[in-house]
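Heads up, the thing below is written out as C-alpha cells.
The values are calculated or read from the model by the stated rules, or taken from the named source; none is laboratory data. Since the model is a prediction, treat every value here as computed from it, not as a measurement. Virtual Cβ from ideal backbone geometry, glycine too; neighbours counted across all protein chains shown. Surface accessibility is based on the protein's heavy atoms, side chains included, excluding ligands, DNA and RNA. Shrake-Rupley method; radii C 1.70, N 1.55, O 1.52, S 1.80 Å.
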Amino acid sequence: YVGIEMYDSVLLRALQKMEERETETGAPKNLFFMRMDARELPLVFNRGEVDRIYLNFSDPWPKARHAARRLTSREFLARYHKILVSDGVIEFKTDNRLLFDFSVAEVNASSEFVLKGCTYDLHHDIEMNQGNIMTEYEEKFSALGNPIYKLIARREP
C-alpha cells in the first residue's frame with residue numbers, strides 16, 4: 001500500500017500515526033508513503049502497475065472553478081486509467097453529498113470506467129459495507145450521524 005499526500009503536515013501526521021501503531025501493535029511492513037501531487041501519478045507509476053486506488057474523504061474543492069482538482073474529476077479518472085491494471089478498481093468514500101453526486105456523474109460520463117457499486121448510506125448497506133475499514137474521518141462523521149457515501153468504479157480495458 002502506498003499512501004500519497006501532497007501536504008507536508010498531513011503526511012507528517014500519517015507518519016506519526018504509523019509510528020504510534022508500530023509501538024503499540026507493530027506497523028504493517030507493506031505500507032509506504034509518498035509526498036507528491038496526485039496529478040503526477042502517471043509519471044511515478046507505470047501503465048498497469050496499480051491494482052486498486054482508495055480515495056478516502058478527499059478535499060471536496062467546493063468551488064465550481066476548482067472542479068478539475070477533485071480527485072474524482074474526469075482529469076483524474078484519465079490519470080488513474082493509465083496506471084491501473086485492465087480491471088483495476090477505484091473505491092471512493094466521502095461524507096460530502098455534493099462531491100459524491102459529482103463523482104457519480106463523472107464516472108458515469110467516463111468511457112474509461114464503469115460504476116460497479118454505489119451507496120448513499122454505506123453503514124446500512126450490507127453488501128457495500130462488507131470488508132469496510134473505517135477511517136478516522138469516517139468514524140468521526142458517522143458518530144455525528146452523517147451518512148457515508150461510497151462508490152466503486154472498475155477500469156474498462
*Assess whether Glu106 counts as being at pLDDT 95 or above and open to solvent by 60 Å² or more (accessible area, probe 1.4 Å).*
no
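Yes or no, residue by residue, for (1) of a type in the set (Lys, Arg); (2) in contact with a helix residue (DSSP H, G or I) (Cβ under 9 Å, 6 or more places away or on another chain); (3) part of a strand (DSSP E or B); (4) over 22 Å from Arg13 (Cβ atoms):
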position: Ile133; (1), (2), (3), (4): no, no, no, no
position: Tyr137; (1), (2), (3), (4): no, no, no, no
position: Ser142; (1), (2), (3), (4): no, yes, no, no
position: Ile152; (1), (2), (3), (4): no, yes, yes, yes
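Here is a yes/no grid of residues against (1) among the charged types (D, E, K, R); (2) open to solvent by less than 90 Å² (accessible area, probe 1.4 Å); (3) modelled with pLDDT under 95; (4) farther than 25 Å from Lys140 by Cα:
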position: Gln16; (1), (2), (3), (4): no, yes, yes, no
position: Glu19; (1), (2), (3), (4): yes, no, yes, no
position: Asn30; (1), (2), (3), (4): no, yes, yes, yes
position: Glu49; (1), (2), (3), (4): yes, no, no, yes
position: Leu71; (1), (2), (3), (4): no, yes, no, no
position: Ala78; (1), (2), (3), (4): no, yes, no, yes
position: Ser86; (1), (2), (3), (4): no, yes, no, yes
position: Glu91; (1), (2), (3), (4): yes, yes, no, no
position: Leu98; (1), (2), (3), (4): no, no, no, no
*Out of segment 51-69, which residues are surrounded by fewer than 13 Cβ atoms within 10 Å (Cβ to Cβ) and closer than 15 Å to Glu106 by Cβ?*
Ala64, His66, Ala68
*Quick check, is Phe113 touching a strand residue (DSSP E or B) at 6+ places or on another chain (Cβ under 6 Å) and open to solvent by less than 60 Å² (accessible area, probe 1.4 Å)?*
yes
*Leading residue by the ranking (least open to solvent (accessible area, probe 1.4 Å)) among those in segment 125-147 that are out of contact with any Lys or Arg (no Cβ under 6 Å at 6 or more places or on another chain) and of a type in the set (A, V, I, L, M, F, W, C)*: Phe141
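Condition check ((1) under 25 Å from Arg79 (Cβ atoms); (2) at pLDDT below 95; (3) within 14 Å of the chain's Cα centre (by Cα)) across all residues:
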| position | (1), (2), (3) |
| --- | --- |
| Tyr120 | no, no, no |
| Glu127 | no, no, no |
| Gly131 | no, yes, no |
| Tyr149 | yes, no, yes |
*Does segment 40-60 contain any residue that is under 24 Å from Pro147 (Cβ atoms), small (Gly, Ala, Ser) and without any contact (Cβ under 8 Å) to a residue 40 or more places away in the chain?*
no
